[in-house]
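Scroll down for the structure; my scribbles are underneath it.
The values are calculated or read from the model by the stated rules, or taken from the named source; none is laboratory data. Keep in mind that this is a model prediction, so the values were computed, not measured. FYI the Cβ positions are ideal-geometry reconstructions off the backbone, even for glycines, and counts take in every protein chain you see.
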Amino acid sequence: MLPKEIYRGHDEFGTVIVLDDGNCRYLSFGETDEQSCILKQSPEVPQYAFIRAMIYPLLYLSPNRALSLGLGAGSLNGALHSILPNVKQEIVEISPEVVEVAHRYFYLPRSKRINIEVSDAYEYLQRPVKRKFDLITADLYTSEGLNEIQVEAVFIDAAVARMTQKGWLVLNCWSDHREVEILDRLRERFDSLFSCTTGDGNWVLFATNGPVDVSSSQMKSRIKELSSRAGFAVNTIAKRVRQIV
């Protein structure tokens with residue numbers, strides 16, 4: 001069954017389209033792009049590989065606070081809310097229309113553990129630091145593609161200022177950005193870097209100054225446990241992750 005358009009909205013940041021094929025629901029910011037997808041029976045289980053990849057740091061830490069820069073359909077945030085019953089999430093999303101659609105059509109939980117601020121992500125990062133986060137994710141896309149500020153040094157520095165000592169930074173980039181100096185910028189600021197290339201063209205980067213030395217038996221156990229909580233086989237993602245030296 002081909003997806004049918006069930007909603008179209010607009011704000012000053014563009015068009016937001018919701019499509020539905022009966023089983024899945026899709027978010028689009030234009031006529032040809034596809035930003036996110038949920039399985040309506042299990043909206044807390046991310047369907048896209050790049051969203052699944054973004055929870056990879058949970059194999060190393062159990063964050064108390066998480067900051068998401070960019071919301072989309074809220075697939076990542078719904079997953080974190082389900083997987084981590086004690087995590088408190090701060091979400092920064094520039095489009096009020098996207099926030100409304102995430103709640104109304106993609107079942108983003110309305111929870112005391114999730115706070116959403118409608119604001120520009122980079123402007124948010126420029127404010128005085130009031131609290132720090134164990135996990136910071138950035139997924140800043142429009143119908144035109146990646147917001148280039150996400151790979152700039154000023155953005156990374158501002159994110160680092162909000163991270164706890166052992167925190168993780170996750171950047172969802174596009175495969176084209178392998179030519180950008182993003183890896184050099186991350187190397188200057190972090191002890192450990194990882195990357196994951198997904199079949200849909202995304203290039204997810206992970207950076208941390210926390211411990212990453214885990215035995216193969218420990219990792220196998222962690223993958224099994226996280227898979228049980230996440231609702232999908234985390235091993236399929238873990239196999240794609242490579243440490244960058």
Identify, from the list ASP134, ASP176, ASP139, the residue that is buried (at least 19 other Cβ atoms within 10 Å of the Cβ), modelled with pLDDT under 95 and acidic (Asp, Glu). ASP139
Tell me which residues, restricted to region 127-160, are assigned to a helix (DSSP H, G or I) and closer than 20 Å to ASP33 by Cβ. GLU148, ILE149, GLN150, VAL151
Are any of the residues in region 81-92 farther than 24 Å from PHE206 by Cβ, in contact (Cβ under 8 Å) with a residue 24 or more places away in the chain and crowded, with 18+ Cβ neighbours inside 10 Å? no
Would you pick out the residues in region 93-115 that are buried (at least 20 other Cβ atoms within 10 Å of the Cβ) and closer than 30 Å to ALA233 by Cβ? GLU93, VAL98, VAL101, ALA102, TYR105, PHE106, LEU108, ILE114
Mind checking which residues of region 103-126 are part of a strand (DSSP E or B) and touching a helix residue (DSSP H, G or I) at 6+ places or on another chain (Cβ under 8 Å)? ILE114, ILE116, GLU117, VAL118
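Select, from TYR60, TYR26, TYR7, the only residue that is touching a helix residue (DSSP H, G or I) at 6+ places or on another chain (Cβ under 7 Å) and among the hydroxyl-bearing types (Ser, Thr, Tyr). Reasoning before the result, please.
Numbers: TYR60 fails: touching a helix residue (DSSP H, G or I) at 6+ places or on another chain (Cβ under 7 Å); TYR26 fails: touching a helix residue (DSSP H, G or I) at 6+ places or on another chain (Cβ under 7 Å).
TYR7 is the lone residue from the list that is touching a helix residue (DSSP H, G or I) at 6+ places or on another chain (Cβ under 7 Å) and among the hydroxyl-bearing types (Ser, Thr, Tyr).
Residue by residue, here is whether (1) outside any loop (DSSP other than H, G, I, E, B); (2) in contact (Cβ under 8 Å) with a residue 12 or more places away in the chain; (3) over 23 Å from ILE83 (Cβ atoms); (4) within 20 Å of the chain's Cα centre (by Cα) holds:
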{"residue": "CYS173", "(1), (2), (3), (4)": "yes, yes, yes, yes"}
{"residue": "ASP176", "(1), (2), (3), (4)": "yes, no, yes, yes"}
{"residue": "PHE190", "(1), (2), (3), (4)": "no, yes, yes, yes"}
{"residue": "LYS224", "(1), (2), (3), (4)": "yes, no, no, no"}
